[in-house]
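The values are calculated or read from the model by the stated rules, or taken from the named source; none is laboratory data. As the structure is a computational prediction, the values presented were derived from the model and not from experiment. Cβ coordinates were reconstructed from backbone atoms using ideal geometry, including for glycine residues, and neighbour counts include every protein chain displayed. Quick note on the areas: whole protein, heavy atoms, side chains included, nothing else; ligands and nucleic acids left out. Shrake-Rupley method; radii C 1.70, N 1.55, O 1.52, S 1.80 Å.
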Amino acid sequence: MTRNNALRWTVLLAAASVLAACQSAPKPQPETSPPPAAPAADAAGASSDVQTVRRPPPVSGTPLPGTVQDFVINASDRVFFDVDQYEVRPDAAVVLERQAAWLRRYPAVQVRIEGNADERGTREYNLALGSRRANAVREHLIGLGISPARISTISFGKERPLDPGADEEAFKRNRNARTAIASGAR
Amino acid sequence: MRMSAAALIFAGLVMTGALLGPAQARAEIEVDVNRGDLRPLPVSIPAFSGDRGADIAGVIADNLGRSGLFAPVDPAGNQAEVSTEPDFPVWTALGAQALVNGAATLVDGRLQVDFRLWDTFAGQQLLGLQFTSTPENWRRVAHKISDAVYERLTGEKGYFDTRVVFVSETGGRLNRTLRLAVMDQDGANPSYLTDGSEIVLSPRFSASSQQITYMSLRQDGSAVFLLNLETGRRESLGQFSGMVFAPRFSPDGSQVAFALERNGNSDIWVMNLVNRQSRRLTSDPAIDTSPAFSPDGSRIAFNSDRGGSPQLYVMDANGGGARRISFGEGRYTSPVWSPAGDFIAFTRQGGGQFHIGIMRPDGSDERTLTSSYMDEGPTWAPNGRVLLFSRQEAGGEPRLWTVDVTGRILKPAPYAGGASDPAWSPLFN
């Protein structure tokens, strides 16, 4: 179910982005000269005898409400943490408000909070740190009225980085907690 | 696998070695394991006679050379028949201060390997031993000989007849497959123990058997397993409410200490493997993880950030009397007690680098042994002279490295693939 939705959305999104790319990209310059049979445009603007092909109107895509994609795109599924910290930052609190609102709207949904750490720590310490982050998010969502029974936690420590990089920007992205939909999405 | 009847037959010749009295003659080729800066001892190991003889000599030379304490000397085509006294000037002319010669023969379908160790300058035999096993077990015979030579020349037990379990890492950084793997300490006979369908971390050897414990991590939770390498029998420690990780055996193998996370807080627990009862040892609101028993079983070193940053602590094995032992610059994690109990090895993060270091169990005598972008997770060779750990360059995949306790002999371990979390086995019986 979830997988089907994901697939459909992926296809939709891909199509939409192709269209978007067509609209915004500069027109490709032909590398070869036009076929000799092609009517040359009149410099004086005598275009009445020129055939034009209209570009098809744009197609926009949006996730179906209640789907995993709806959650990821419209609520946002990750919040980020400071180095060694597990306190929910103000910017994360805004995201968690959106997550909580979404979860209130779809009460059948169960989530799994996955805590993650950057690679600048050792394995077993980072597993513990990831747990703390996952739990901090869980507590925050509970504080926003989500039933504890709907939220499980797991820590992947530094084993599942979001960003493969080895710089501060990557570390920043890898210090996160992801709210994953475990079941109940439409 | 086991060389159960590895009949260590003292061929009478060993008495000659034991009787070697003259301290001067011995002093000439003594190897001091505490001084890694000494010039390694030149030792020549010409091909043993007989089937597999060259292979056996090659494995011995590789083992001794890799230790950093010995420098294998090319025999330059010279042979040394094991049944007669070597022509010592031939070997001293090559610069070899010690000579290992031997013969491999098949006797009633069994492999019999006789070897002798000689002090070439003193012209004396230091060791004469015979090992027998099955022919396909020739590598183990070579490791036994390596250990005998190492012990005779250093006065310390060897560590060559051992295995290493580790986490094999393949695939890109975003799509890694982690598998438990095991190999001989020299990289031979590698094989996978798990299929890569789950995250497997922190394998640890029992100090007394061919059993390991490790953590498995999946989306729906974590588990700690016991795995007997010889029987393949695998069992879980059971269900826990919360994440269970960082397992490690007690020295007698009767207990496993581990970290258990509940509501975000990790504490140290210990399970009695006989009655399966678990007991909580710490109840601090800070992170407590990575427990490691002292070899006498009386104490546990662990990692905690109760003081504001990750540091090393030691407590009684019943959970009382915890006190901090790390006071240097930076963050300290992954403590592991040396087999003799004289040191605790650890990972330290400081100055933007990661380091492997050792300190006394009371925190004194701290030494930094290595530095790199990411050095992590030391494990002791059973003789307490060498540490294996994983090293990762920025953006790269982790590799196994070894360093001796002086920090002067630092080498890539003989395994070329991505690997982390090594655990060194005890010596085979």
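For B:Ala322, what residues show an amide H to amide H distance below 5 Å, using hydrogens built from the backbone and excluding near sequence neighbours? Excluding prolines and chain starts, which carry no amide H, the hits are B:Asp316.
Residue separation of A:Asp49 and A:Ala101 scaled by 0.36 nm, minus their Cα-Cα distance, works out to 12.9 nm of gained length.
Against the longest alpha carbon principal axis of chain B, how many degrees, from 0 to 90 and to the nearest 10, is the axis of helix B:53-67 turned? Computed tilt is about 50 degrees. Protection proxy ranking of A:152-165, A:126-139, A:70-83, by the mean of other Cβ atoms within 10 Å over each peptide's residues and highest first, is A:126-139, A:152-165, A:70-83.
The radius of gyration of the Cα set in the stretch B:59-154, together with its Dmax, comes out at 13.3, 39 angstrom. Averaging the sequence gap over all C-alpha pairs within less than 8 Å and six or more residues apart, then dividing by the number of residues, gives the stretch B:235-369 a relative contact order of 14 percent.
Using the Cβ-Cβ distance between B:Asp195 and B:Glu393 with R0 set to 41 Å, the FRET efficiency from 1/(1 + (r/R0)^6) comes to roughly 0.90. In order along the stretch B:122-129, the phi-based Karplus estimate (6.51 cos²θ - 1.76 cosθ + 1.60, θ = phi - 60°) of 3J(HN,Hα) comes to 7, x, 10, 8, 9, 7, x, 9 Hz; Gly and Pro are listed as x. Share of Cα-Cα pairs in the stretch B:339-383 beyond 15 Å, in percent? Considering the stretch B:339-383, 43 percent of its Cα-Cα pairs are separated by more than 15 Å. Take the Cα of B:Asp342, step 7 Å toward its Cβ, do the same at A:Ile142, and the gap between the two points is 5.0 nm. Backbone phi angles across the stretch B:143-157, fed through the Karplus curve with coefficients 6.51, -1.76 and 1.60 (θ = phi - 60°), yield HN-Hα couplings of 5, 4, 5, 4, 5, 5, 5, 4, 5, 5, 8, 10, x, 10, 4 Hz in residue order; Gly and Pro are listed as x.
Treating r as the C-beta distance of A:Thr62 and A:Glu169 and R0 as 35 Å, the FRET efficiency rounds to 0.75. If the segment from B:Arg306 to B:Asn175 were pulled out straight at 0.36 nm per residue, it would be longer than the present Cα-Cα gap by 43.8 nm. Relative contact order of the stretch B:327-429, taken over Cα pairs closer than 8 Å and 6 or more residues apart, is 19 percent. For the stretch B:187-293, the spread of Cα positions along the three principal axes, ordered from largest to smallest, is 44, 32, 25 Å. The fraction of accessible area contributed by carbon and sulfur in the stretch A:44-186 is 53 percent, rounded to a whole number (1.4 Å probe; ligands and nucleic acids excluded).
Residues of the stretch B:349-378 buried by at least 50 Å² of accessible area upon assembly of all protein chains, compared with the chain on its own (1.4 Å probe): B:Tyr373, B:Glu376. When A and B come together, around 3100 square angstrom of accessible surface is lost from both chains combined, probe 1.4 Å. For B:Arg408 and B:Asn263, a Förster radius of 51 Å and the Cβ-Cβ distance give a FRET efficiency of 0.65, rounded to the nearest 0.05.
Take every pair of alpha-carbon atoms less than 8 Å apart whose residues are at least six positions apart; their mean separation over the length of chain B yields a relative contact order of 11 percent. Here the Kirkwood formula, the inverse mean of 1/r across different C-alpha pairs, assigns the stretch B:311-361 a hydrodynamic radius of 11.5 Å.
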